[in-house]
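Asks: Here you go, one structure.
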Amino acid sequence: MSMDGTERGDGGADEPGWDVDPDDESGAAVVAAVGRQIKVWREAAGLRAGDFGTAIGYGEDQVYKVEGGKRIPRPEFLDRADEVLSAGGKLAAMKRDVAEVRYPKKVRDLAKLEARAVELLAYGDHNLHGLLQTDEYARALFGMRQPAYEQDEIERGVAARAARRSVFERSPAPAFSFVQEEVTLRRPLGGRMVLRRQLERLLEVGQLRNVAIQVMPTAREEHALMQGETQVLKFGDGTAVGRSEGAFAGRATSDPKQLRILELRYGMIRAQALTPGESLAFVEQVLGET
């Protein structure tokens, strides 16, 4: 259950957004509707696609892609289009419609589950949990994927992961429990400075009253989750969903019997790991050594 486009700079006029996932039917429908509206306003203003692109700082081909529903427009694209076409805020208002579908569907689905959860239990063995990651740490992870991601995909993934962190700001606040293998604190993914800032982020999040971060020392002789990465999300109505890489074929499950097994294993590894207080002290120690 763990789970992009490069931000446009002065020379990024050819990148107005992100490619549409052809398998994401609901997202594609939203983008297509937005594109049609942009085209209607452009034609009503008597502008050719090339002239319109020049006016808002994008190429003609990119304008056609957005209007054809092949490209997800960035917020600044819609703001400029609204201004140039004198749309009175109607095109700019569509930023709300595309804000969610800019992220891959599987990430949106996960974010919806996290937004509903009243409790999250997560064990990580190779890297830090997505909700704990800094942007630069996440960028390093996406950059290591094979086959290699395009830069556009990397930045889209980073943006999606950053958006999920809003769950920490929910009220009432859900309860978070993270157990991380010691190696995830020491592996310098992205370089030493990236790791240092990531460890600082852990110390910051670990101070939240509704968050418990625990470290599973490599030297422990007992380990209840050798099955690998595991996560359980519990909801207010008493239901839950969980997944473990080495259990139930790695598929998500909401079966009560299977969830009890995942919760049993998670409860045991929490007992085997350092306490939250000991863990924050350990993170500080690793930070001092990094």
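The values are calculated or read from the model by the stated rules, or taken from the named source; none is laboratory data. Treat the numbers as computed from the prediction; the structure is a model and nothing was measured. Note that each Cβ is placed from the backbone with ideal geometry, even for glycine, and that neighbours are counted across all protein chains shown. Surface accessibility is based on the protein's heavy atoms, side chains included, excluding ligands, DNA and RNA. Shrake-Rupley method; radii C 1.70, N 1.55, O 1.52, S 1.80 Å.
Asks: When the chain is fully extended, how far beyond the present Cα-Cα distance does Arg220 get from Ala115, taking 0.36 nm per residue of separation? List each step's numbers first, then the result.
Replies: Working: separation 105, 0.36 × 105 = 37.80 nm, distance 3.38 nm.
Here the segment from Arg220 to Ala115 would lengthen by 34.4 nm.
Asks: Mean projection of the alpha-carbon convex hull of the stretch 60-122 over all orientations, in nm²?
Replies: The directionally averaged projection comes out at 5.9 nm².
Asks: I've got another one for you. Please work out the average accessible area per residue across the stretch 175-221, using the 1.4 Å probe convention, and give it in Å².
Replies: About 48 Å² of surface per residue is accessible.
Asks: What is the distance, in nm, between label points placed 7 Å from the Cα along the Cα-to-Cβ direction at Glu76 and at Glu150?
Replies: Roughly 2.0 nm, to one decimal.
Asks: Helix-derived [θ] at 222 nm for the chain: sum -39500 (n - 2.57) over DSSP H runs of at least 4, divide by residue count, nearest 500?
Replies: -14500 deg cm²/dmol
Asks: To continue, here is another question. What is the spin-label model distance, in nm, from Tyr64 to Val286 if the labels are put 7 Å beyond Cα along the C-beta direction?
Replies: In this crude spin-label approximation the distance works out to 5.1 nm.
Asks: Kindly work out what percent of the DSSP beta bridges joining two residues of the chain are antiparallel, to the nearest 5.
Replies: If we restrict to bridges inside the chain, about 55 percent are antiparallel.
Asks: Mind giving me the nanometre distance, one decimal, between the label points for Ser86 and Thr275, set 7 Å out from Cα along Cα→Cβ?
Replies: 7.0 nm
Asks: Please list, ordered by chain and number, the residues whose modelled amide H lies under 5 Å from the amide H of Leu225; skip anything fewer than 5 residues away on the same chain.
Replies: The list, which skips near neighbours in sequence, is empty: none.
Asks: What does the highest-first list of 124-133, 144-153 look like by mean Cβ count within 10 Å? Can you show the working numbers first?
Replies: Working: 124-133: 21.2, 144-153: 12.0.
Result, highest mean first: 124-133, 144-153.
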